[in-house]
Structure formats: C-alpha cells, structure tokens
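A short reminder: the numbers here are calculations on the coordinates, not readings from a lab. This is a predicted model, so every value here is computed, not measured. Ideal geometry is used to build each Cβ from the backbone, glycine not excepted, and the neighbour counts take in all protein chains shown.
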Amino acid sequence: MKSLARAILRFLLVGLFQLFRWLPFRWSSALAAGLMVFVSWFLRRHRRIAQD
C-alpha cells in the first residue's frame with residue numbers, strides 16, 4: 001500500500017513539474033498553493049484512517 005502511494009506521488013510530482021514548465025508563473029504558483037492545501041488535507045485524512 002505504501003509503495004503504491006509512493007508511486008502515485010512520484011507520478012504526480014513528475015506530471016506537475018512538466019505542467020509548471022508550460023504554465024505561466026501566476027498559474028503555477030496558484031496551483032502549487034492549491035496542491036499544498038490538498039496534500040495537507042490528504043495526509044491528515046490518511047493519518048486519521050491509519051490510527052483507527
């Protein structure tokens with residue numbers, strides 16, 4: 001399970017890096033901010049599930 005999550009994260013990071021190269025700076029910074037919020041929410045949710 002952890003290896004799958006790591007593979008998905010790596011895929012997303014590579015895809016986002018490619019996307020950032022094509023997007024204007026304003027868009028990429030907004031996307032990065034949204035991504036940070038999503039990642040923090042996802043980790044919080046994942047940790048809660050792991051505790052149960």
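Annotations for the structure displayed:
- For the range 36-46, the criterion of a residue being part of a helix (DSSP H, G or I), surrounded by 12 or more Cβ atoms within 10 Å (Cβ to Cβ) and in contact (Cβ under 8 Å) with a residue 12 or more places away in the chain is satisfied by no position.
- Qualifying residue in the range 19-31 (condition: exposed (fewer than 10 other Cβ atoms within 10 Å of the Cβ) and of a type in the set (F, W, Y)): yes
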